[in-house]
Amino acid sequence: MEQELELVQMLPDSLDEHPGPLVVLPSATWGSSHKALPPDKGILYGSCVQRLGFSSGGLGQYVRVVNLDTRQYFRLNVKPIVRSRRENPFCYALPPGHYALINYEFAGGIQSSVESIRKHRNSQTLNRTRYLFTVRPGQLHYVGTWDFSQEFDPRFLDEKFTLDLVFQQKYPHLPLNQAQIVLPH
């Protein structure tokens, strides 16, 4: 007798039910010319391995996050427009708080895609369904390499030593040796 596998319907969590505003403009990146960490924000840096290569058409790719304390939504550009590298660094200043990754936005050819960033757990509790990290004011945070190359299977890797070599040259004023490692978990 042949048995069919049924797909398990994931229970919606609060971010599925209330994903925030339809449009969130991209956040401004943290510039390499800034000399001091802002006392009212935390700086986060990392890199992103994109889903698509040249088929992305040179369009940007984004990760939407929400500050769970303030309910502010941010859209982080993790692959700049007209850049064809598979992996790209990013650096942002964000208000302090506990953050959840919501979705990954990318384009393949002429079609735009939005993929939910969820853990493979059937729960309605955010700490069990979403990848979370914390930003503290006046501190530098290494958030890892966000690997979105496989559909619905994000990975968050600690490649700080390698990325710090790149950031040392591009961001000479960041105190990389003092960065807190806060990979989404």
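How big is the dipole moment of the stretch 29-185 about its Cα centre under a simple scheme where the beta carbon of each Lys and Arg is +1, that of each Asp and Glu is -1, and everything else is neutral? Debye, nearest 20, please.
Here the stretch 29-185 has a charge dipole of around 180 debye.
For the chain, which whole-number percentage of the solvent-accessible area (1.4 Å probe, protein heavy atoms only) is attributable to carbon and sulfur atoms?
Solvent-exposed carbon and sulfur of the chain make up 54 percent of the total.
What 222 nm value per residue comes from the helices of the chain, counting each DSSP H run with n ≥ 4 as -39,500 (n - 2.57) and dividing by all residues, nearest 500 deg cm²/dmol?
Taken over the chain, the calculation gives -2500 deg cm²/dmol.
Cα gyration tensor of the stretch 36-185, axes a ≥ b ≥ c as square roots of the eigenvalues: rounded (a/c below 1.5), prolate (a/b > b/c) or oblate?
Verdict is oblate for the stretch 36-185.
Which longest uninterrupted range of the chain lacks any GluC sites (Glu not before Pro) assigned by DSSP to a loop state (not H, G, I, E or B) and surrounded by at most 11 other Cβ atoms within 10 Å?
No qualifying site falls inside 7-150, the longest such stretch.
Along the charge dipole of the stretch 120-185, Cβ charges K/R +1 and D/E -1, which of F156, Y131, L174 sits furthest on the positive end?
Y131
Between S32 and H18, what length comes free when the chain is fully extended (0.36 nm per residue of separation minus the Cα-Cα distance, one decimal in nm)?
Separation in residues times 0.36 nm, less the Cα-Cα distance, equals 1.5 nm.
In square angstrom, what is the accessible area per residue of the chain with a 1.4 angstrom probe?
That works out to 56 Å² for each residue.
How much space per residue, in cubic angstrom, does the convex hull of the C-alpha atoms of the stretch 80-155 take up?
Hull volume over Cα atoms, normalised by residue count, gives 121 Å³.
Among 177-183, 80-86, how do they line up from the highest to the lowest mean number of other beta-carbon atoms within 10 Å?
Packing proxy ranking, top to bottom: 177-183, 80-86.
Can you tell me the 0 to 90 degree angle between the C-alpha axis of helix 160-170 and the longest principal axis of the chain, rounded to 10?
50
If you stretched the chain out fully between N122 and R136, how much longer would it get, using 0.36 nm times the residue separation minus the C-alpha to C-alpha distance?
That pair, N122 and R136, stretches by 2.1 nm at full extension.
The values are calculated or read from the model by the stated rules, or taken from the named source; none is laboratory data. Keep in mind it's a predicted model, so treat the numbers as computed, not measured. Every residue, glycine as well, gets a Cβ built from its backbone with ideal geometry; the counts of neighbours run over all protein chains shown. The protein model used for the area step is the full one, side chains on, heavy atoms only, and it has no ligands, DNA or RNA in it. Shrake-Rupley method; radii C 1.70, N 1.55, O 1.52, S 1.80 Å.
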